[in-house]
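The structure appears below as structure tokens.
The values are calculated or read from the model by the stated rules, or taken from the named source; none is laboratory data. Quick caveat: nothing in here was measured; it's all calculated off a predicted structure. Note: ideal-geometry Cβ built from the backbone for every residue, glycine included; neighbour counts use all protein chains shown. Heavy atoms of the whole protein, side chains included, go into the accessibility calculation; ligands, DNA and RNA do not. Shrake-Rupley method; radii C 1.70, N 1.55, O 1.52, S 1.80 Å.
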Amino acid sequence: EKGGWDSFMDKEIHEDPAAVQRTLIGRMDDHGTINLDEIHIDEHELKMIDKIIVVACGTASYAGMVAKYAIEHWVRIPVEVELAHEFRYRDPILTPRTLVVAISQSGETMDTLMAVRHAREQGSKVLSICNTQGASIPRESDAVLYTHAGPEVAVASTKAFVAQITAAYVLGLYLAQLKGAMFRDEIRSTLQSLKEMPGKIEWILDTQTEPIERAAQRLVDAKSFLFLGRHVGYPVAMEGALKLKEIAYTFTEGFAAGELKHGPIALVEDGEPVVFIVPPKHGRDVLHAKVISGIEEVKARGATIIAVAEEGDQDVERYADIVFWRPACPTLLSPLVDVVPLQLFAMDMAKQKGYDVDKPRNLAKSVTVE
Ligand code: F6R
């Protein structure tokens, strides 16, 4: 049931805050200790893990990229992210101390399931992050951390994505706790910031919906879009590009902002829309300055700049033609807010063009063939 919304996608984007919140519930106590009894892998074995490989496809793989930035920073073990269909057909180096994390909304994606089987055959433990109780991927994994986004009906994944990222953060903080890789206070304050994220997403849904709709009206005839981000903004750019191409059938490319001068800038001409995910100015100043200089470069070539940026960012105000604002939050958690305007934007573009946002052509909700 669409519950008053005109599409499932609209309804499900508005469930982003609840998806994050529900994925946190019951997994930590009031003292900031994470409790994941649901993970049936021996604590001692988890402690010994020295490498993580995330396997997933599409949107779920971008959640995996976010996980890499967070987990490497918090836990100080290497995290690789690989598309499941690539992982499966090369010869990945897996040991009993490798934890393979399979991320899948449906739990039925054949490419990801084959990667899970392959990893287990090689003797690695597999933990899945999944939104569907009892699906094939969680059934065949050693352990599962469910996302509690609720059933996702629209083909384009939205609330499941923010829930996957949330589950990955919880897993990362749990491993940091087990391995003693972070101070207790640091874990506690990160969990506190995480708990505040649903309210911040809510703020975007309340205040940015109209500006985003207007932006879609203005840009509806654009033939292509570039999406750029750095650090955790990179996977967000990839996801923004994927959403727009899959439901609005617009040619998009997402890439790391640092790549701009290594090729893609050749595409920028007068009026080309370029979407920038701008990192917060506080904390990691260097990143912010780098992204702003990227904006200046494409602006000088006549691009139309669309920015997702932290409220009050004056550098962005100066250069961007259109800004989607989001509240301040720690850099590593920012994908949870940054992606929301891009989900809304893709939906509005598809609606403007008169497409069925819930059922894009040529796509199925779960891809059960290899
Ligand atoms: C994008 C989308 C797909 C899925 C991908 C993996 O909106 O829906 O890219 O993310 O097919 O699906 P799951 O997560 O079910 O394994």
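Worth a mention:
- Of the set (1) open to solvent by 20 Å² or more (accessible area, probe 1.4 Å); (2) farther than 14 Å from Val144 by Cα, all apply to Ile77 but (1).
- The single condition among (1) open to solvent by less than 10 Å² (accessible area, probe 1.4 Å); (2) under 28 Å from Lys353 (Cβ atoms); (3) within 16 Å of the ligand (Cβ to nearest atom) that Ile201 does not satisfy is (3).
- Output for region 145-167, where each listed residue is within 30 Å of Asp42 (Cβ to Cβ) and open to solvent by 10 Å² or more (accessible area, probe 1.4 Å): Tyr146, His148
- Scanning region 334-355 for residues that are touching a residue at least 60 places away in the same chain (Cβ under 8 Å) and surrounded by fewer than 22 Cβ atoms within 10 Å (Cβ to Cβ) yields Lys351, Gln352, Lys353, Tyr355.
- Residue check for Asp29: at pLDDT below 95, more than 16 Å from the ligand (Cβ to nearest atom) and open to solvent by 10 Å² or more (accessible area, probe 1.4 Å): yes
- Restricted to region 342-370, and to residues there that are of a type in the set (Gly, Ala, Ser) and part of a loop (DSSP other than H, G, I, E, B), the residue that is farthest from Pro151 (Cα to Cα) is Gly354.
Quick grid of which residues meet (1) among the small types (Gly, Ala, Ser); (2) over 26 Å from Leu287 (Cβ atoms):
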{"site": "Phe227", "(1), (2)": "no, no"}
{"site": "Tyr234", "(1), (2)": "no, no"}
{"site": "Glu239", "(1), (2)": "no, no"}
{"site": "Glu253", "(1), (2)": "no, no"}
{"site": "Ala256", "(1), (2)": "yes, no"}
{"site": "His262", "(1), (2)": "no, no"}
{"site": "Ile265", "(1), (2)": "no, no"}
{"site": "Gly271", "(1), (2)": "yes, yes"}
{"site": "Val274", "(1), (2)": "no, no"}
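- When Gln122, Gln105 are checked against the criterion of being over 24 Å from Met48 (Cβ atoms) and open to solvent by 10 Å² or more (accessible area, probe 1.4 Å), a single residue qualifies: Gln105.
- Subset of region 157-178 (residues that are closer than 27 Å to Pro360 by Cα and touching a Ser or Thr at 6+ places or on another chain (Cβ under 8 Å)): Ser157, Ala160, Phe161, Ala163, Gln164, Thr166
- Within region 204-215, the set of residues being of a type outside the set (Gly, Ala, Ser), part of a helix (DSSP H, G or I) and surrounded by 20 or more Cβ atoms within 10 Å (Cβ to Cβ) comprises Ile204, Ile212.
- Subset of region 126-144 [touching a Lys or Arg at 6+ places or on another chain (Cβ under 9 Å) and either surrounded by fewer than 24 Cβ atoms within 10 Å (Cβ to Cβ) or modelled with pLDDT under 95 (or both)]: Glu140, Asp142, Ala143
- Qualifying residue in region 274-287 (condition: within 23 Å of Ala160 (Cα to Cα) and more than 19 Å from the chain's Cα centre (by Cα)): no
- Qualifying residue in region 61-68 (condition: of a type in the set (Val, Ile, Thr), more than 14 Å from the ligand (Cβ to nearest atom) and closer than 16 Å to Val170 by Cβ): no
Quick grid of which residues meet (1) more than 16 Å from the ligand (Cβ to nearest atom); (2) more than 18 Å from the chain's Cα centre (by Cα):
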position	(1), (2)
Arg301	yes, yes
Arg318	yes, yes
Ile322	yes, yes
Cys329	yes, no
Phe345	no, no
Gln352	yes, yes
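- For region 6-25, the set of residues classified as surrounded by fewer than 16 Cβ atoms within 10 Å (Cβ to Cβ) and at pLDDT 95 or above consists of Ile25 only.
- Looking across region 70-90, the residues that are more than 16 Å from the ligand (Cβ to nearest atom) and of a type outside the set (Asp, Glu) come down to Ala70, Ile71, His73, Trp74, Val75, Arg76, Ile77, Pro78, Val79, Tyr89, Arg90.
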